[in-house]
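Before any comments, here is the structure.
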Amino acid sequence: MGVSMTVWVITCAVILGLFVFDFFAHVRVPHEPSFRESALWSAVYVGLAVLFGFFIWWQWGGERGGEYFAGYVTEKALSVDNLFVFTVIMASFAVPRIYQQKLLLMGIVMALVMRAGFIAVGAAAINAFSWVFYLFGVFLIYTALKLARESGHEADAEVERESRLVWLVRRFVPTTDDYDGDRFLTRIGGLPSSQPGAGQWAITPMMLALVAIGFTDLLFALDSIPAIYGLTEEPYIVFTANAFALMGLRQLYFLIGGLLDRLIYLSVGLSIILGFIGVKLILHALHKNTLPFINDGEHVDVPEISTGMSIGVIAVVLLITTVASLIRTRGRKEAAAGSSG
């Protein structure tokens, strides 16, 4: 693909600039965004992601453009699955709605930084050892089976692990149970943090919630990075697809918050997609095989799954699971509306 260092620097600067703009334009002053605001900026970030995909298509050809769009859609779907856990975290820490934007934005920035590290490690491993595709493929198939088995309960499992992490933080770091605005640190001892002579520094529930969200992002990255490497081997596409998928996640959280509990089959769809990509990775590994105990170290003549087929399978699975979820829960929505009336 031949991406120069200049292009990398410009891309990272633009992405950083978008996050800085997001903070000063929407997050710096605490407020709960309206539906109109969330819908508008969700559309803006999706539009930017699509425009960037066409840029890749124009600059490096249709094959690379298709890989980007397949990766973006997959990462976006996996990010929506994150929102289920984020909702539970927000509720468990009783984070006020007006402060949730800041918490989500900081968590998303943490997620992108961690994923950049995973992407770099994955690229180095793939360049050095082609058999890494076997490991990625087996791991994704295992994850798909685990996700299908835990369907409907994965958020509870994640929060249980995060509770243990938060307990560990509380054990070694001074904490407070009270919020001090949207601050992550405060002083305890009865005085506001803005007054001189206040007591010992402690972390607030905002910081604990951020730790929980960061830990969640770390766990989800273990699934999402191997998944997108199953669609493209280009680190630039992997990174930008992740960045643009995460970029509008804060707005999406407020936009579809009421729909999250209706997407009951999303985890099933994601398990199918991860399993499909896992099979694709193993077929690719067999095609590039160098392991001496498999076909004497020679490549195995197996069919490979094209990028076009990958896009088609991902789109169809997401469409079917979304429509089926909304139809299945339509009665639940009508019952809730009737009871509220």
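The values are calculated or read from the model by the stated rules, or taken from the named source; none is laboratory data. Predicted, not measured: the structure shown is a model, and the values here were computed from it. Reconstructed Cβ throughout: ideal geometry from the backbone, glycine too, with neighbour counts over all protein chains shown. Ligands, DNA and RNA are excluded from the accessible area calculation, which covers all protein heavy atoms including side chains. Shrake-Rupley method; radii C 1.70, N 1.55, O 1.52, S 1.80 Å.
The single condition from (1) modelled with pLDDT of 85 or more; (2) surrounded by 22 or more Cβ atoms within 10 Å (Cβ to Cβ) that Ile305 fails is (2). Of all residue pairs spaced 6 or more apart or on separate chains, those with beta-carbon atoms under 9 Å, a first member in the range 228-244 that is on the phi < 0 side of the Ramachandran plot and a second member that is buried (at least 24 other Cβ atoms within 10 Å of the Cβ) and assigned to a loop (DSSP other than H, G, I, E, B) are Ile237/Leu231; Val238/Leu231; Ala241/Leu231. Against the test of being of a type outside the set (Phe, Trp, Tyr), on the phi < 0 side of the Ramachandran plot, part of a helix (DSSP H, G or I) and at pLDDT 80 or above, the options Leu165, Leu145 yield a single qualifying residue, Leu145.
Does the range 124-134 contain any residue that is crowded, with 21+ Cβ neighbours inside 10 Å, at pLDDT below 90 and part of a helix (DSSP H, G or I)? Within the range 124-134 (the criterion being crowded, with 21+ Cβ neighbours inside 10 Å, at pLDDT below 90 and part of a helix (DSSP H, G or I)), the answer is yes, since at least one residue qualifies.
State whether the residues of the range 5-15 include one that is among the polar types (S, T, N, Q), in a helix (DSSP H, G or I), at pLDDT 85 or above and farther than 27 Å from Leu274 by Cα. Yes, the range 5-15 contains at least one residue that is among the polar types (S, T, N, Q), in a helix (DSSP H, G or I), at pLDDT 85 or above and farther than 27 Å from Leu274 by Cα. Every test in (1) surrounded by fewer than 16 Cβ atoms within 10 Å (Cβ to Cβ); (2) without any contact (Cβ under 8 Å) to a residue 24 or more places away in the chain; (3) part of a helix (DSSP H, G or I) is passed by Val29 save one, and that test is (3). Looking at the structure I just gave you, is Phe21 at pLDDT 90 or above, within 15 Å of Gln251 (Cα to Cα) and among the aromatic types (Phe, Trp, Tyr)? Yes; evaluated as a whole, the condition is true for this residue.
Residues in the range 284-307 that are touching a residue at least 60 places away in the same chain (Cβ under 8 Å) and among the aliphatic types (A, V, I, L, M): Ala285, Leu291. Report yes if Val95 is farther than 24 Å from Asn289 by Cβ and either open to solvent by 10 Å² or more (accessible area, probe 1.4 Å) or not in a helix (DSSP H, G or I) (or both), otherwise no. So Val95 fits the description; yes. Checking Leu48, Leu40 one by one, the residue that is within 23 Å of Leu105 (Cβ to Cβ), assigned to a helix (DSSP H, G or I) and in contact with a helix residue (DSSP H, G or I) (Cβ under 8 Å, 6 or more places away or on another chain) is Leu48 and no other. Filtering the range 178-214 to residues that are exposed (fewer than 14 other Cβ atoms within 10 Å of the Cβ), modelled with pLDDT of 80 or more and either assigned to a loop (DSSP other than H, G, I, E, B) or on the phi > 0 side of the Ramachandran plot (or both) leaves only Asp178.
A Cβ distance below 9 Å, combined with a sequence gap of six or more or placement on separate chains, defines the contacts here; from the range 83-111, residues that are over 17 Å from Leu255 (Cα atoms) and among the hydroxyl-bearing types (Ser, Thr, Tyr) reach residues that are part of a helix (DSSP H, G or I) and open to solvent by less than 10 Å² (accessible area, probe 1.4 Å) in the pairs Ser92/Glu162; Ser92/Ala209; Ser92/Ala212. Going through the range 98-117 one residue at a time, which ones are open to solvent by 60 Å² or more (accessible area, probe 1.4 Å) and more than 15 Å from Thr216 (Cα to Cα)? If the condition is that a residue be open to solvent by 60 Å² or more (accessible area, probe 1.4 Å) and more than 15 Å from Thr216 (Cα to Cα), then Ile98 is the only one that fits. Over 20 Å from Ala227 (Cα atoms), touching a His at 6+ places or on another chain (Cβ under 7 Å) and part of a helix (DSSP H, G or I), is that true of Ile89? In short, no.
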